[in-house]
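The values are calculated or read from the model by the stated rules, or taken from the named source; none is laboratory data. Computed from a predicted structure; not experimentally measured. Don't worry about glycine lacking a Cβ; one is built from the backbone with ideal geometry, like all the others, and counts go over all protein chains shown. Remember, those area values only see protein heavy atoms, side chains included, never the ligands or the DNA or RNA. Shrake-Rupley method; radii C 1.70, N 1.55, O 1.52, S 1.80 Å.
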Amino acid sequence: MSRRRLRLRLPPGPLCAAAIAGLAVWSSLAAPAPSTEEKYNRPKRDWYQGPVRYLLSRAEEKQYRGLPTDAERARFIDDFWARRDEDPVTPANEFEIRFWNRVAEADRSFHDAPFPGWKTDRGKILVLLGPADEVRQGMSTGPGPRGREIPYAVWIYHQPRFEGMDRETQIRFLRDNSGEMRMTDRLFASRLERLSGAARSLSFQAGLAQKVPEPKQLLDAIAASRPAMDAGRFRTHYDFFLAADGSTSVLLTLGIRPASPGGADGADPQAPAGAWKVYARLASESASYDLGDPASFRTSELGKDVDGFELFQARISVPPGLYAVFFGIHDPATGSLFSLGDRVRVPDFAADEFSLSSVTLAARLEPAAHPGADEPFVVGRMILVPKMDLVFKNGGVLAYYFQVYHPGSDPASGQARLDLAYQFFRAAALRKTGDPEFSPLGQPVLFENQSGQVHGYSFPLSGWPAGDFKVRVRARDRIAGKTAEAETLFSVR
């Protein structure tokens, strides 16, 4: 159901001084000047090309452009603003009023380009983020021995304007040859600023914070901003297996910690499980691979409350190499957006060399009811739910999974002949580098002449001392005379 927008009209007659003062105090929520809204917000065919372009998703733009009548376009515009209303209980749409006031302010303030102020770089930032908390202006010296002085401005936002924006964000503008102040990340106004780091361009992110995200745009913005990993709210895990086409299959698991009671962290504790939308990009120096379909990351009952996280999992096959991994996480219930950055090295299993996959520590490891089903947390014939917190309780069970690649085959049976050894180590001391030095814990556990290439094992941890440990898997191919090994860390508390 659409909700008609409220346009505030002043009654005829003189206003008393107190009323005028009150209007000044509440100018940020007063109705925008009629000329601004009526100029840009009428149901014309080109409405989508006006200031609302900063908010429109591609799907919304496509839908609007297909509407044939003014009446249908008017209904679309009403619904467009109603969806963004921050408090539908109140008669006024505060979000819409604030937006048009910012557009009007941009048009009044920025006249350094042959088009309206909202189209300028400064206008776009003003519309999306609002006025800066602090503005610094000065002159920068241009290139060359006789470099001319070029005006610059630095807008500083001490407080974030949307989820994921850093405190003390600086956005820099430098006057170009046309006379327009253009956003730049190449300006360093002083030695102090040089030490504090370069500014980021946040216009993409700010726009995304106020509309339903397009996956590619969201991932573009996240990749540009290079966010850090928030290990408190989110947790990542990666597994690597040989894909059928010879590339490496990467299993990406994202853990999202549920909202605290009352939703203090911005999430809705009553939101249905699985409501999150997760996107990811793996980017190397030569290529990038997107998981941009909303169905790429999925969850199931198996992924509920695993070490305090709800798990979402996706698969993608990529060439081996070093990748930057970027996650975009959208909570449709609240509109909140989160971004994470990570780095991962994807191993090469394609060469015809005897090797092992990664060793996955499992929170749950058992035969699958429907082997090979295209479901999250199912690998081949096994249910494999990765453990997100690599800390086990004394008396618990340590379970792990791995695969063996390219073993020789017995001429008579056609099967592999493998000797498998599992050696546990305990961190006994620290090296000068700060890395732990491990000492063997007991004797290796041996399984000889095994034919299978997929292995899952579990060991009881009863009586284990508290500390940091690792398990090393060593496989020897009896036929080819080759050895391969892999290991993983864990702790007991």
- Message: Yes or no: region 125-140 includes at least one residue that is assigned to a strand (DSSP E or B), at pLDDT 85 or above and in contact with a helix residue (DSSP H, G or I) (Cβ under 7 Å, 6 or more places away or on another chain).
- Response: no
- Residues of region 325-349 being modelled with pLDDT of 90 or more and not in a strand (DSSP E or B), in sequence order, are Pro347, Asp348, Phe349
- Please enumerate the residues belonging to region 285-313 that are free of Cβ contacts under 8 Å to residues at least 40 places away in the same chain, crowded, with 18+ Cβ neighbours inside 10 Å and part of a strand (DSSP E or B). Leu291
- Message: Condition check: open to solvent by less than 50 Å² (accessible area, probe 1.4 Å), on the phi < 0 side of the Ramachandran plot and at pLDDT 90 or above. Does Arg73 satisfy that?
- Response: yes
- Name the residue, out of Gly481, Gly467, Gly463, Gly452, that is closer than 16 Å to Phe424 by Cβ and without any contact (Cβ under 8 Å) to a residue 60 or more places away in the chain. Gly467
- Residues being surrounded by 13 or more Cβ atoms within 10 Å (Cβ to Cβ) and either under 21 Å from Phe234 (Cβ atoms) or among the aliphatic types (A, V, I, L, M) (or both): count how many of those fall in region 369-390. 13
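Only one of Ala412, Ala416 is assigned to a loop (DSSP other than H, G, I, E, B), open to solvent by less than 50 Å² (accessible area, probe 1.4 Å) and more than 24 Å from Lys387 (Cα to Cα). Can you tell me which?
Ala416
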- Might you let me know whether region 92-99 holds any residue that is open to solvent by 30 Å² or more (accessible area, probe 1.4 Å), under 14 Å from Tyr40 (Cβ atoms), modelled with pLDDT of 90 or more and part of a helix (DSSP H, G or I)? no
